[in-house]
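Peer 1: Sharing a structure here in structure tokens format.
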Amino acid sequence: MSGFPALFYKELLRFWKVVVQTVVAPVVTALLYLLIFSHVLEAHVEVYPGVSYTQFLVPGLVMMSMLQNAFSNSSSSLIQSKMTGNIVFVLLPPLSYLEFFLAYLGAAILRGLVVGLGVWAVTLWFAQWSLPHLGWLLAFALLACGILGALGIVAGIWAEKYDQLAAFQNFLILPLTFLSGVFYSIHSLPAFWQSVSHVNPVFYLIDGFRYAFVGHSDTDPWLGLLVATLCFVAISALTLVLLRSGYKLRH
Amino acid sequence: MIPAIRAAALHKRFGDLQALNDVSLDIQQGEFFGLLGPNGAGKTTLISILAGLTRADSGRAEIMGHDVRRDYRLARRALGVVPQELVYDPFFNVRETLRIQSGYFGLRHNDSWLEEVMHHLDLTRHADKGTQSLSGGMKRRLLVAQALVHKPPVIVLDEPTAGVDVDLRRSLWEFIARLNREGHTILLTTHYLEEAETLCKRIAMLKAGRVVALDETRNLLQHTNEHCVSLRLAEGGPPSSWAARMQTVGDGSWRVSFSDYAELESLLAALREGGVRVSEMQLQEPDLEDVFTDIMKRT
């Protein structure tokens, strides 16, 4: 029998035991963003015709919360295990690098989805949806959590101190998510920054995810799907190579 | 019979440090084997290579005939390791920790064995406690229990009694000795040499990454023929013919080393002739600590 279910279960139990910190807190943060931005901008901004600013903002906030929490789940679990030394509990048993990857990735995706669902649920007070493109919604949600979950594994393996992980989070993940059109349409940016946004993969995730909610997007969702899929494959491949080589885990 | 543990020409370097230098040894099934050496000798590196936590630069390591890299699943299934560091996962309680650890080995319905292990390690009454709230000794027991969840035929204990009180040490050794009697192979590293002397049938000593001694414990104890006698003199000082060889240890007590009991006889005769009265005498046989110190000095 495989050890994968136990590792997956352990990772789920780990974040569920601190659900206030791992699920409730990010939902409250997203709610605060929504209250402030929609209150200030609702009357002044209409990004797409017939779509209110709140309706525009909610998918971005849901996606941003999913991205940050999927990353946080795998990266914080690994860095904590490394710093406390209990990483040996998963290195001593006969778990393959693939089982290791799938367990951490699966738990990160699930945490991202639970937080995303939570944010979406509390925003139902502010905007109702017919959700015309449920397939796109699921595809972008899964890919987004998968990409950031895998990136979290890379960061968790690479970082040797909490400080390094915080740098990864604050100087890479946070700018990528904030500068990807969560709060605005990139069409409102100058031409140069529009081009820059097009090389940010998170932009495609948010744009495609928003398309599933409002039926409007800045780029073709098929292009977004292609970019997201390629990113997921590339980061997963990198993660698997690192795990297979034992990089910073088996010296 | 396939050896429980085989290390063949293992080399490992960390930067400038040659942690292991051509280490070879076989540990037979059912043995209680001691691995001794000063800090930095390479004991933990060797154990880490056997456990797959560290990869050797060259050489081979096998557990029950399974290569630790090529057949890592079988090798790790056959091995239980109690790590030196007192590590635990603060998110879980004792029972959850053991169930999860058991699950990593693909064992689902393992509760009866887990209950038995907890019972023997006196963990049952702490089963629902968070690991963070356990005392150091209890955390150490939990580490032992975690190493045993999959009933491994080979058990490695890396300094299991460091910082552990006398009661726990005794009960831990009773349990480990029982496992050994039931057929489990035990590899032990410890700084408490009297523990190694009592428990281990065979011992290897490492120094600077090399095996400098490998023999049965009783043969190693015959390695040195230095005996020692402590004397407390009630009246007078040491006779002049022996003064150079007698070391004062204060409070009227003296120590003399000798290699032949005939020398002891002539010392006592010299004391008698000199009119010196001996109020207390204690003879000390060489122990593993003497052997260890001697080997480390000479190699």
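The values are calculated or read from the model by the stated rules, or taken from the named source; none is laboratory data. Nothing here was measured: the structure is a model prediction, and the numbers come from that model. Note: ideal-geometry Cβ built from the backbone for every residue, glycine included; neighbour counts use all protein chains shown.
Peer 1: Name the single residue that is farthest from the other protein chains (Cβ to nearest Cβ) among those in the stretch B:77-105 being under 13 Å from B:K129 (Cα atoms) and aliphatic (A, V, I, L, M).
Peer 2: The selected residue is B:V94.
Peer 1: Just the residues that are part of a helix (DSSP H, G or I) and facing chain B (nearest Cβ under 9 Å), please, taken from the stretch A:81-95.
Peer 2: The answer is A:S81, A:T84, A:V88, A:F89, A:V90, A:L91.
Peer 1: Give me the pairs, please: first residue somewhere in the stretch A:1-15 and over 16 Å from A:S76 (Cα atoms), second residue anywhere and among the charged types (D, E, K, R), beta-carbon distance under 9 Å, and either six or more positions apart or on two chains.
Peer 2: A:M1/B:R108; A:S2/A:E99; A:G3/A:E99; A:F4/A:E99; A:P5/B:R108; A:A6/B:R99; A:A6/B:R108
Peer 1: Restricting to helices (runs of 4 or more DSSP H) lying wholly in the stretch A:181-251: which have 1 or more residues that are over 30 Å from B:Y72 (Cβ atoms) and in contact with a Leu (Cβ under 6 Å, 6 or more places away or on another chain)? Explain how you work it out, then say what you get.
Peer 2: Details: elements: A:191-197, A:201-214, A:221-245.
The qualifying helices (runs of 4 or more DSSP H) are A:201-214, A:221-245.
Every residue, every condition in (1) surrounded by fewer than 23 Cβ atoms within 10 Å (Cβ to Cβ); (2) assigned to a strand (DSSP E or B); (3) touching a His at 6+ places or on another chain (Cβ under 9 Å), yes or no:
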{"position": "B:H11", "(1), (2), (3)": "yes, yes, no"}
{"position": "B:Q18", "(1), (2), (3)": "yes, yes, yes"}
{"position": "B:G40", "(1), (2), (3)": "yes, no, no"}
{"position": "B:G59", "(1), (2), (3)": "yes, yes, yes"}
{"position": "B:H109", "(1), (2), (3)": "yes, no, no"}
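Peer 1: Return yes when B:A270 is surrounded by fewer than 15 Cβ atoms within 10 Å (Cβ to Cβ) and either among the aliphatic types (A, V, I, L, M) or in contact with a Cys (Cβ under 8 Å, 6 or more places away or on another chain) (or both) and no when it is not.
Peer 2: In short, no.
Peer 1: Just checking, which of B:D122, B:D128 is over 22 Å from A:A103 (Cβ atoms), in a loop (DSSP other than H, G, I, E, B) and in contact (Cβ under 8 Å) with a residue 40 or more places away in the chain?
Peer 2: Of the residues listed, the single one that is over 22 Å from A:A103 (Cβ atoms), in a loop (DSSP other than H, G, I, E, B) and in contact (Cβ under 8 Å) with a residue 40 or more places away in the chain is B:D122.
Peer 1: As an exercise: evaluate B:D26 against (1) part of a strand (DSSP E or B); (2) farther than 30 Å from B:V291 by Cα; (3) charged (D, E, K, R) and give the number of the one condition it does not meet.
Peer 2: (2)
Peer 1: Would you check if A:T239 is crowded, with 21+ Cβ neighbours inside 10 Å, more than 14 Å from chain B (Cβ to nearest Cβ), over 16 Å from the mean Cα position of the chain (by Cα) and closer than 30 Å to A:G156 by Cβ?
Peer 2: Against the criterion (crowded, with 21+ Cβ neighbours inside 10 Å, more than 14 Å from chain B (Cβ to nearest Cβ), over 16 Å from the mean Cα position of the chain (by Cα) and closer than 30 Å to A:G156 by Cβ), A:T239 qualifies.
Peer 1: Still on this model: Of the numbered conditions (1) in contact with a strand residue (DSSP E or B) (Cβ under 6 Å, 6 or more places away or on another chain); (2) more than 14 Å from chain A (Cβ to nearest Cβ); (3) surrounded by fewer than 20 Cβ atoms within 10 Å (Cβ to Cβ), B:L74 satisfies every one except a single condition; which is it?
Peer 2: Only one criterion is unmet by B:L74, namely (2).
Peer 1: Among the polar types (S, T, N, Q), over 15 Å from A:M64 (Cβ atoms) and outside any loop (DSSP other than H, G, I, E, B): is that true of A:Q164 in this structure?
Peer 2: Details: among the polar types (S, T, N, Q): yes; over 15 Å from A:M64 (Cβ atoms): yes; outside any loop (DSSP other than H, G, I, E, B): yes.
It is true that A:Q164 is among the polar types (S, T, N, Q), over 15 Å from A:M64 (Cβ atoms) and outside any loop (DSSP other than H, G, I, E, B).
Peer 1: Separate question: Of the residues A:L98, A:L12, which is within 14 Å of another protein chain (Cβ to nearest Cβ), under 19 Å from B:F92 (Cα atoms) and in a helix (DSSP H, G or I)?
Peer 2: Checking each option against the conditions leaves just A:L12.
Peer 1: Right, next: Name the one entry in B:T198, B:T124, B:T190 that is of a type in the set (S, T, Y), buried (at least 16 other Cβ atoms within 10 Å of the Cβ) and assigned by TED's automatic domain parsing to the domain that holds B:S48.
Peer 2: Numbers: B:T198 fails: buried (at least 16 other Cβ atoms within 10 Å of the Cβ); B:T124 fails: buried (at least 16 other Cβ atoms within 10 Å of the Cβ).
Just one listed residue meets the conditions, B:T190.
Peer 1: Hey, another quick one. Out of (1) outside any helix (DSSP H, G or I); (2) buried (at least 18 other Cβ atoms within 10 Å of the Cβ), the odd one out for B:A162 is which?
Peer 2: (2)
Peer 1: Picking from B:R69, B:R73, which residue would you name as being outside any helix (DSSP H, G or I), in the same structural domain as B:G30 (by TED's automatic domain parsing) and under 29 Å from B:L10 (Cβ atoms)? If you could, list the steps in order and put the result at the bottom.
Peer 2: Working: B:R73 fails: outside any helix (DSSP H, G or I).
So the residue among B:R69, B:R73 that is outside any helix (DSSP H, G or I), in the same structural domain as B:G30 (by TED's automatic domain parsing) and under 29 Å from B:L10 (Cβ atoms) is B:R69.
Peer 1: All but one of (1) away from every other protein chain (no Cβ under 14 Å); (2) touching a residue at least 40 places away in the same chain (Cβ under 8 Å) hold for A:A103; which doesn't?
Peer 2: Here A:A103 clears every test but (1).
Peer 1: Which condition number does A:V154 fail, the rest of (1) assigned to a helix (DSSP H, G or I); (2) over 16 Å from A:Q68 (Cα atoms) being met?
Peer 2: (2)
Peer 1: Taking the condition of being at pLDDT below 85 and aliphatic (A, V, I, L, M), how many residues in the stretch A:181-205 meet it?
Peer 2: 5
Peer 1: Moving on to the next point. If I ask for residues that are of a type in the set (S, T, N, Q) and surrounded by fewer than 19 Cβ atoms within 10 Å (Cβ to Cβ), which ones from the stretch A:97-136 would you list? Write out each step before concluding.
Peer 2: Within the stretch A:97-136, the subset of a type in the set (S, T, N, Q) is A:123, A:128, A:130.
Hits for the stretch A:97-136 are A:Q128, A:S130.
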